[in-house]
1. Mind checking which pairs have a first residue in the stretch 1-17 that is closer than 20 Å to PHE37 by Cβ and in contact (Cβ under 8 Å) with a residue 40 or more places away in the chain and a second that is open to solvent by 50 Å² or more (accessible area, probe 1.4 Å) and of a type in the set (Asp, Glu), Cβ under 9 Å, 6 or more apart or different chains?
2. What number of residues within the stretch 73-108 satisfy the criterion of being open to solvent by less than 30 Å² (accessible area, probe 1.4 Å) and touching a Phe, Trp or Tyr at 6+ places or on another chain (Cβ under 7 Å)?
3. Which fully enclosed strands (runs of 3 or more DSSP E) of the stretch 73-124 have 3 or more residues being in contact (Cβ under 8 Å) with a residue 60 or more places away in the chain, of a type outside the set (Lys, Arg) and closer than 18 Å to ASN43 by Cα?
4. Output the residue which, of all residues in the stretch 99-120 that are among the β-branched types (Val, Ile, Thr) and under 21 Å from ASN54 (Cβ atoms), is farthest from the chain's Cα centre (by Cα).
5. Quick check, is VAL12 under 16 Å from GLU87 (Cβ atoms), in contact with a Phe, Trp or Tyr (Cβ under 6 Å, 6 or more places away or on another chain) and not in a loop (DSSP other than H, G, I, E, B)?
6. Could you tell me whether any residue of the stretch 42-62 is out of contact with any Gly (no Cβ under 7 Å at 6 or more places or on another chain), aromatic (Phe, Trp, Tyr) and not in a strand (DSSP E or B)?
7. Anything in the stretch 17-71 that is open to solvent by 20 Å² or more (accessible area, probe 1.4 Å), among the charged types (D, E, K, R), closer than 24 Å to ARG119 by Cβ and in contact with a helix residue (DSSP H, G or I) (Cβ under 9 Å, 6 or more places away or on another chain)? List them, or say none.
8. Suppose we filter the stretch 109-124 for residues that are open to solvent by less than 40 Å² (accessible area, probe 1.4 Å) and among the polar types (S, T, N, Q); how many remain?
Amino acid sequence: QVQLVESGGSSVQAGGSLRLSCVASGRAFENYGIGWFRQGPNNEREFVSAINLNGRVRKYAPSVTGRFAVSRDNAKKTVYLQMNSLETEDTSVYYCAAAISEGPPVEDHGYDYWGQGTRVTVSS
């Protein structure tokens, strides 16, 4: 079992930066891939980024490629999402999720545990 807590959400102006953190508690964090999702316009979970258990595989949605960067520190049981050049379209609630499966997955149904979310608001 893994519990996840996101933080770092805030209100920023377009062009600004934020770093989100996802801190895990529980056992064997290093065995989980971690994904970042955000709430879409129809309340669906939209894939943003993911990192596999050892950090060697990183995936990004086309809309954030080149602007966002995912990383992890297994010693701290933490995954980060560095968000640069933020756009108003990035406004959403961001969730991290843990997956035991290889990949890491880009579909939300591939994840086993979810955090409560952190809100990001980008104004023009």
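1. Here the result reads VAL2/ASP112, each pair linking the stretch 1-17 to a residue that is open to solvent by 50 Å² or more (accessible area, probe 1.4 Å) and of a type in the set (Asp, Glu).
2. The qualifying residues number 8.
3. 92-99, 118-123
4. The initial filter retains those residues of the stretch 99-120 that are among the β-branched types (Val, Ile, Thr), namely 100, 106, 118, 120.
With under 21 Å from ASN54 (Cβ atoms) added as a condition, the list becomes 100, 106.
Numbers: ILE100: 16, VAL106: 11 Å.
This residue is ILE100.
5. no
6. Checked against the condition, which is being out of contact with any Gly (no Cβ under 7 Å at 6 or more places or on another chain), aromatic (Phe, Trp, Tyr) and not in a strand (DSSP E or B), the stretch 42-62 yields no hits at all.
7. Within the stretch 17-71, GLU44, ARG45, GLU46, ARG67 meet the criteria.
8. Total satisfying the criteria: 1.
The values are calculated or read from the model by the stated rules, or taken from the named source; none is laboratory data. Because the structure is predicted, anything quoted here is derived from the model rather than measured. FYI the Cβ positions are ideal-geometry reconstructions off the backbone, even for glycines, and counts take in every protein chain you see. Accessible surface is based on the protein model in full, side chains and every heavy atom, while ligands, DNA and RNA are left aside. Shrake-Rupley method; radii C 1.70, N 1.55, O 1.52, S 1.80 Å.
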